[in-house]
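The structure appears below as structure tokens.
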Amino acid sequence: MIYTLAGGVLFVIGLHGLFARGNLVMRIMSANVAAAGTFLIIVSASGHEASVADPVAQAIVLTGIVIAVSVTAFALSLVRRLDSGRSRGVRHGGH
């Protein structure tokens, strides 16, 4: 019960940061916080009958973590590229 609540709180905090922040890096990190909350909810919801969590839910969460890390790395590289283009004065309109 406490892990489900903690996951919900993490998700809400991440969602708030995703929509309330203007900085792209902060938005990416907020999306990661929301994803961590989702993962925590999935794992906590899978172990109601037994003291051990369901291995399928663990595999899904582990796959989600790997995908989240990959997407975060890609998004941060895009933000870095956008910022380097702005600092050099490059216009992104093809003109």
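The values are calculated or read from the model by the stated rules, or taken from the named source; none is laboratory data. Bear in mind the structure is a predicted one, so any value in this text is a computation, not a measurement. All Cβ positions, glycine included, derive from the backbone under ideal geometry; neighbour counts span all protein chains shown.
Tabulated data
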item: Hits in the stretch 11-27 (condition: under 28 Å from D83 (Cβ atoms) and assigned to a helix (DSSP H, G or I)); result: I13, G14, L15, H16, G17, L18, F19, A20, L24, V25, M26, R27
item: Positions within the stretch 71-95 being of a type in the set (S, T, Y), modelled with pLDDT of 85 or more and loosely packed, with under 11 Cβ neighbours inside 10 Å, in sequence order; result: S77
item: Looking only at the stretch 44-57, and only at residues there that are closer than 19 Å to F11 by Cβ and modelled with pLDDT of 75 or more, the one that is surrounded by the fewest Cβ atoms within 10 Å (Cβ to Cβ); result: A45
item: Sole residue being of a type in the set (F, W, Y) and under 11 Å from the mean Cα position of the chain (by Cα), chosen from F11, F19; result: F11
item: Cβ-Cβ under 7 Å pairs, at least 6 apart or on other chains, the stretch 1-28 side surrounded by fewer than 17 Cβ atoms within 10 Å (Cβ to Cβ), far side in a helix (DSSP H, G or I) and β-branched (V, I, T); result: T4/I41; G8/I41; I13/V33; L24/V79; V25/V79
